[in-house]
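Please read the structure below before turning to the comments.
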Amino acid sequence: MEEIKVFAPATVANVACGYDVMGFAMKDIGDTMTIRKIATKKWVIENGRGCEGLPVSPKENVIGVAVEALMKAYGKSIDFGFHFYTTKNIKPGSGMGSSASSASAAVFGVNQLLGKPFKKKELVKFAMEGERAASGAAHADNVAPCLLGGFTLIRSYEPLDIIELQYPDMLYASVVHPQIEIKTSDSKKILKKDIPIKDAITQWGNVGGLISGLAKPDYDLIGRSLQDVVAEPIRSKLIPYFKDAKKAALNEGALGASISGSGPSIFALSFSRKIAEGIAIAFNNVYASNGIMANVYISQVNAQGTQIIS
């Protein structure tokens, strides 16, 4: 195989209570990347639509950093390099896993072109290095669901232990992306370094409740557990009309709503397409009525993750 084209989905990370440990992949919303072998032994990054302003230097782009980590682990000499051409539908700074999509697509595609020396789950640690370059922290709550699909839990980072969770087929996500940018590195800096034990206990209980609610499935339990007392109270201050958008989603029947990743995107979960569509309309109305452009998405959970499309 000399060339491959892959799709890497957008993701919702944290999922309210699961800061840096939970995430899920979305359907039909994501980035595409064409990777081909080239004669020169180097990485060439070419930015396509949606990549405006992103660096093309392999040392500064998450693609190059993630692939470098993979090749170091591969440990074999090759007599070719790679050319990467990306079309981004996930805007950087949207809170929908833009950097994770790029890093995941790159390591997945290169692994295929090398003859699949690594299993899909093993690719997560390489994509995490791309996240480190983007945000200063090698978190996996976006890259794990992006690569593996479905709903994932990072049970441990040292050693890395990723759990693929059960979830109901009829779970829908409505996501609104107000057209402002919040850098993940900036949103991490404003979080408190210490958490009161009362808040920690509440958060632990909600994580356990959410996992149990997804597995049963118990939609009422899912809704009760979609509560974040750690990051949302602080990060929501960076998102205009967050409280209005969350209230509008709940009024339309959402199980719960919170910040997608580091924001500014906001997600809401529901158990039917009809409710998800009503939430999407409500989200759009909040921002349109306040003169802010926003993109709205409706999606079920993507079970495949990053995959070959041609």
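The values are calculated or read from the model by the stated rules, or taken from the named source; none is laboratory data. A quick note: this is a predicted structure, and the numbers were derived from the prediction, not measured. All Cβ positions, even for glycine, are placed from backbone atoms using ideal geometry, and neighbour counts span all protein chains on display.
Residues checked against (1) within 28 Å of S262 (Cβ to Cβ); (2) aliphatic (A, V, I, L, M); (3) in contact with a Ser or Thr (Cβ under 9 Å, 6 or more places away or on another chain):
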position	(1), (2), (3)
A8	yes, yes, yes
M22	yes, yes, yes
P55	yes, no, no
S94	yes, no, yes
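Taken over the range 106-116, the residue count meeting the criterion of being out of contact with any Ser or Thr (no Cβ under 6 Å at 6 or more places or on another chain) and not in a loop (DSSP other than H, G, I, E, B) is 7. Looking at A200 and the list (1) more than 30 Å from A294 (Cα to Cα); (2) within 18 Å of the chain's Cα centre (by Cα), which single condition is not satisfied? If we test A200 against (1) more than 30 Å from A294 (Cα to Cα); (2) within 18 Å of the chain's Cα centre (by Cα), just (2) comes out false. Taking the range 147-159 as the range and being touching a Pro at 6+ places or on another chain (Cβ under 6 Å) and within 14 Å of S102 (Cα to Cα) as the test, no residue passes.
May I ask you to verify whether F267 is surrounded by 21 or more Cβ atoms within 10 Å (Cβ to Cβ), out of contact with any Lys or Arg (no Cβ under 6 Å at 6 or more places or on another chain) and not assigned by TED's automatic domain parsing to the domain that holds I35? Judged against the criteria, F267 is a match. Considering A106, A100, the condition of being in contact with a Cys (Cβ under 8 Å, 6 or more places away or on another chain), buried (at least 19 other Cβ atoms within 10 Å of the Cβ), among the hydrophobic types (A, V, I, L, M, F, W, C) and assigned by TED's automatic domain parsing to the domain that holds D31 is satisfied by A100 alone. Counting only residues that are modelled with pLDDT under 95 and either touching a Leu at 6+ places or on another chain (Cβ under 8 Å) or more than 15 Å from A140 (Cα to Cα) (or both), the range 89-106 holds 6 of them.
Would you check if there is a residue in the range 216-235 being within 21 Å of the chain's Cα centre (by Cα) and without any contact (Cβ under 8 Å) to a residue 12 or more places away in the chain? The answer is yes; a qualifying residue exists.
Pairing residues of the range 57-74 that are farther than 12 Å from N47 by Cβ with residues that are buried (at least 22 other Cβ atoms within 10 Å of the Cβ) and polar (S, T, N, Q), at Cβ distances under 6 Å and at least 6 apart in sequence or on separate chains, gives V62/S99; V62/S102.
Residue count for the range 269-305 under the criterion of being over 22 Å from the mean Cα position of the chain (by Cα) and under 12 Å from V176 (Cα atoms): the result is 7. If I ask for residues that are charged (D, E, K, R), assigned to a strand (DSSP E or B) and under 24 Å from G93 (Cβ atoms), which ones from the range 24-50 would you list? Passing the criteria: K27, D28, D31, E46. Mind listing just one residue for me: the one in the range 181-237 that is in contact with a Gly (Cβ under 8 Å, 6 or more places away or on another chain) and of a type in the set (A, V, I, L, M) and, of those, surrounded by the most Cβ atoms within 10 Å (Cβ to Cβ)? Among residues in the range 181-237 that are in contact with a Gly (Cβ under 8 Å, 6 or more places away or on another chain) and of a type in the set (A, V, I, L, M), the one surrounded by the most Cβ atoms within 10 Å (Cβ to Cβ) is L210. Just so you know, in the range 11-53 the residues that are polar (S, T, N, Q) and surrounded by fewer than 23 Cβ atoms within 10 Å (Cβ to Cβ) include one that is farthest from the chain's Cα centre (by Cα), and it is T40. Within the set D194, D169, the sole residue that is within 20 Å of I29 (Cβ to Cβ) and acidic (D, E) turns out to be D169. Scanning the range 109-129 for residues that are in contact (Cβ under 8 Å) with a residue 60 or more places away in the chain, more than 17 Å from T152 (Cβ to Cβ) and crowded, with 17+ Cβ neighbours inside 10 Å gives G109, V110, L113, E129.
Scanning the range 51-90 for residues that are in contact with a strand residue (DSSP E or B) (Cβ under 7 Å, 6 or more places away or on another chain) and not in a loop (DSSP other than H, G, I, E, B) turns up I63, G64, V67, G81, F82, H83, F84, Y85, T86, T87.
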